[in-house]
Structure formats: C-alpha cells, structure tokens
Amino acid sequence: MSAAKTLSTWQLRARFAAGLSAMYATEVPAYSALVQVSAQVNADYLARHPGAQRLGSLQRVTAERHGAIRVGSPAELAAVADLFAAFGMAPVGYYDLRSAQSPIPVVSTAFRPVEAKELALNPFRMFTSMLATDDSRFFNKGLRRRVQAFLARRQLFDPALLARARVIAAEGDCDAADAHSFVAAAVAAFALAREPIDKSWYEELAGVSAVAADIAGVGSTHLNHLTPRVLDIDELYGRMTQRGITMIETIQGPPRTEGPAVLLRQTSFRALAEPRRFRDADGTATEGSLRVRFGEVEARGVALTPRGRQRYDAAMAQRDPAAVWGNYFPSTDAEMAAHGLAYYRGGDPSAPIVYEDFLPISAAGIFRSNLDRDARAVDAVDSCGYDMPWLAGAIGRDVYDPYALYEALAKEAVT
Ligand code: OOG
Ligand code: NI
C-alpha cells in the first residue's frame with residue numbers, strides 16, 4: 001500500500017484551526033494563558049468526573065476552538081464561504097444581532113462541519129458577521145456609498161487562494177505536498193494587518209459603531225477572537241480572575257445547574273490595547289493603539305429541540321433563571337429525552353448531542369461587553385430585508401437550519 005498522498009478536508013480543517021491558534025497566540029498573549037488554564041481545568045475536571053466525555057472526547061474538546069471574523073459585504077461573505085468550503089465548513093444558522101437589546105449592525109452565520117463523523121474528527125467553527133450596510137438605521141445614503149466604495153476596493157483574499165480552495169472543495173481533498181502552503185496562506189489572511197489605518201475614516205465609522213470601524217475602517221479582515229472549550233466554565237472563570245485577568249461580569253447563557261448542561265455558556269475578557277499605525281489627513285504616520293480583540297471561553301451542553309428552546313427562552317426571561325430552572329427543565333437526561341426537550345442519538349439518553357451553534361443574545365452580549373460605546377442607530381424603519389434566505393442568496397449557497405441537522409443526528413443509531 002502506498003503512503004497517503006492526499007489530505008482530506010477534515011485534516012485541512014484541523015491544521016487550519018491549529019495554525020490560527022498558533023498565530024493568535026503570538027498576536028494576543030492573554031490567549032495563551034487562556035488556553036493553558038482551559039487545558040488544566042479540563043484535565044482536573046475529567047479526573048473528578050469520569051463520565052465527562054459524554055459531551056465529546058477529551059481529544060476533541062482540547063483541540064476545540066471557535067473563531068470569529070467580520071466582513072463588510074455579501075461579496076466578501078461569499079469569498080469566505082468559498083474558502084471555508086475547502087475545510088469542510090458550511091454556513092449554519094442565521095443570527096440577526098441588529099435586533100438585540102443594544103443593536104450591533106451585523107448579520108451573522110456560523111461556518112462549521114455538519115456531519116457527526118466530521119464534528120467528531122474536528123468541530124472547528126467560525127462565527128462570521130457581515131456589516132449591515134443596507135440598514136438605514138445605522139448608515140445613511142452618503143456613508144453607505146462611501147463604505148461600499150471602500151469595500152469594493154479592498155481584496156481580503158488572494159484570488160489564487162480562493163481558486164485553490166474551490167478545487168479542494170470540489171475534489172474533497174488536497175495533495176499532501178500542497179497542503180502546507182494552502183493552509184498557511186489561509187491562516188495568514190486572518191492576521192492583523194500592519195498597514196497604517198486612515199485615522200479620520202476609522203473615527204467616522206467608529207461614530208456609527210466600533211464594529212463598523214473594525215470591519216470597514218481597515219484594509220483587511222482579522223480574527224477577532226479564538227475560543228477554547230472547557231468542561232467547567234465556572235472553575236475557569238475563577239482561575240482566570242485569580243490570575244488577575246478581568247473577566248466580564250457574567251457568564252452568558254444558561255445558569256449553572258445540577259441537571260444536564262444545555263446549549264452554550266460563554267464568558268470573555270478584553271484583550272489589551274494593541275499597537276496599530278495610523279495615517280493622519282496630512283499623510284503623516286503615527287503610532288496608536290486599538291482595543292477591539294478579546295479572549296473568550298465556552299462550555300457546551302446538549303442541543304435543545306424547538307420545544308426545549310422555548311422552555312429555555314421562558315426560563316431566561318425570569319429575573320433569576322438559576323432559581324427557577326427546575327420549573328422548566330428536569331434534572332436527568334432520561335427525562336429531558338422523554339419530554340422531547342433535547343436531542344439524543346437514537347433517542348438514547350446516554351448519548352447527548354452536543355450543541356454546535358451559537359446563541360444570539362450571548363453573541364450580542366459578547367460583542368457589546370467588548371465595546372467602549374454602543375452603536376448609534378437612528379429611529380428609522382428597517383426595510384433592507386436581511387434574513388436567512390437573503391443570506392443564502394447573497395453567498396449562493398444553502399444555509400443549513402441547525403434544527404434539521406440535530407434532527408438528522410438524533411435519527412442516527414448509536415454506534
Ligand atoms: C462575534 C461575537 C459572537 C460568540 O461566540 O457568540 C461570538 C464577534 O465579536 O465578532 O463570537
Ligand atoms: Ni465567540
């Protein structure tokens with residue numbers, strides 16, 4: 001038998017995630033501390049809870065990351081979709097963060113593997129947001145035109161990289177000899193750029209929203225954060241605080257409960273100001289700094305059915321969800337399964353299906369907690385028509401419905 005000369009998309013995805021992680025560690029030193037503490041928390045947790053691997057093997061959880069990126073236009077989002085397809089990552093779900101309590105001018109999807117086998121091999125996902133330039137509550141006509149013109153002039157990805165990605169996606173694998181340069185180029189596309197930033201343009205956009213400036217005030221895109229997964233997020237929170245890292249006030253998402261962990265719990269801390277170069281109106285370059293990137297960590301639980309999700313939303317609407325949790329959710333997987341509240345493979349309560357997606361309220365909270373000020377929205381009617389079908393049309397791809405994916409996983413027999 002000859003040695004394997006090709007790498008499949010999951011192997012490329014694992015290398016992509018590892019490459020981004022190595023790059024981000026050099027860019028944001030606090031990220032390395034977070035990864036270290038996460039690994040310790042996971043090892044300690046497993047030592048005390050032998051059954052903890054029911055929500056994913058230690059190998060999967062240790063390597064598990066999600067990233068977040070932000071782009072400016074449908075064309076840029078389509079390019080991202082082409083690139084990620086080479087890593088076996090497809091768009092799943094639609095998140096509209098404009099409707100959050102404090103609105104963020106973006107609409108988002110998450111690129112991730114969709115099949116059980118692929119998720120087990122490497123579940124890397126990327127939360128990807130697109131600036132809502134068509135929304136007149138944030139952008140008036142003049143500014144919209146200038147943003148669109150700016151975005152039309154920039155190129156986030158080398159066309160050769162995208163062409164290569166399309167071939168890999170179509171063939172389902174890549175020559176081993178070419179894999180290294182392909183992955184390295186894909187990783188490099190998300191590095192923080194060193195080109196000077198046009199100061200007045202950046203500040204004008206920051207007046208609308210810090211996120212708008214981060215997206216369309218610079219000539220390239222970059223990883224906004226890279227999130228490891230932990231088995232005990234309360235423990236992680238405490239240990240990071242002990243190390244002198246100031247976390248946001250709360251853990252977003254469901255409270256800590258005695259029963260089965262559901263959905264997704266997340267928390268974050270602000271990265272330090274990063275040195276960036278600026279260009280003044282007269283062309284002089286100055287050194288400055290920006291504070292837009294951050295560190296985030298998450299714990300994942302079982303995926304809820306639409307019925308479970310309704311209960312979740314009702315519980316979360318209460319003043320103290322932790323205190324009343326037991327009125328909404330039973331305390332065992334067997335009861336969760338029997339009441340049709342959560343997904344289990346083959347209906348077997350010992351085989352929880354992990355929630356692989358995001359939560360819009362948490363996402364908006366994470367965005368917001370890391371901004372100096374809120375978006376400035378005017379009181380106008382939103383008639384731009386962003387929704388899931390619009391997003392699918394804009395990138396020319398189907399956007400998966402997360403519930404349909406969990407439904408399909410639940411029908412698979414336990415192996
Ligand atoms: C994305 C924020 C959302 C999450 O984990 O919910 C997010 C961003 O800041 O670009 O990453
Ligand atoms: Ni995130």
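Quick note: the coordinates plus some simple rules give every number you see, no bench work behind them. If you're wondering where the values come from, they're calculated on a predicted model, not measured in any experiment. Cβ sites come from the backbone with ideal geometry, for glycine too, and all protein chains shown count toward neighbours.
Observations on the structure shown:
- Packing-based ranking, highest mean first, of 150-159, 75-84 given that Cβ atoms within 10 Å are counted: 75-84, 150-159
- Sum of -39500 (n - 2.57) over DSSP H runs of 4+, divided by residues of the chain (222 nm, nearest 500): -13000 deg cm²/dmol
- Charging the Cβ of each Asp and Glu at -1 and of each Lys and Arg at +1, and nothing else, the dipole of the stretch 31-124 about its Cα centre rounds to 240 debye.
- Anchor residue 199: lysines whose Cα lies under 24 Å away (excluding residues fewer than 8 positions away in-chain): 141
- Restricting the calculation to Cα atoms, the stretch 131-209 yields a radius of gyration followed by a Dmax of 17.5, 49 Å.
- Note on the stretch 1-113: semi-axes of the ellipsoid equivalent to its C-alpha gyration tensor, largest first and rounded to whole Å, are 28, 23, 15.
- Karplus-derived 3J(HN,Hα), 6.51/-1.76/1.60, for each residue of the stretch 302-314, Hz, glycine and proline x: 6, 6, 8, 6, x, 5, x, 5, 4, 4, 4, 4, 5
- Taking packing as the residue-averaged number of other Cβ atoms within 10 angstrom, the listed peptides 53-65, 289-301, 241-253 run from highest to lowest as 289-301, 53-65, 241-253.
- Note that the stretch 119-124 has calculated 3J(HN,Hα) couplings of 5, 5, 5, 6, x, 3 Hz, one per residue in order, obtained from phi through the Karplus relation 6.51 cos²θ - 1.76 cosθ + 1.60 (θ = phi - 60°); glycine and proline are x.
- Between the stretch 326-363 and the stretch 169-221, the Cα center-to-center distance that results, in Å: 36 Å
- Per residue, the Cα convex hull of the chain amounts to 154 Å³.
- Candidates 176, 364, 110, ranked by Gaussian network fluctuation over the chain, Cα under 10 Å, top entry: 176
- Farthest toward positive dipole pole in the chain [+1 Lys/Arg, -1 Asp/Glu at C-beta], among 257, 241, 169: 241
- Computed from phi, the 3J(HN,Hα) profile of the stretch 250-265 under the Karplus parametrisation 6.51, -1.76, 1.60 (θ = phi - 60°) reads 10, 9, 7, x, x, x, 5, 9, 6, x, x, 5, 10, 6, 8, 10 Hz, with x in place of Gly and Pro.
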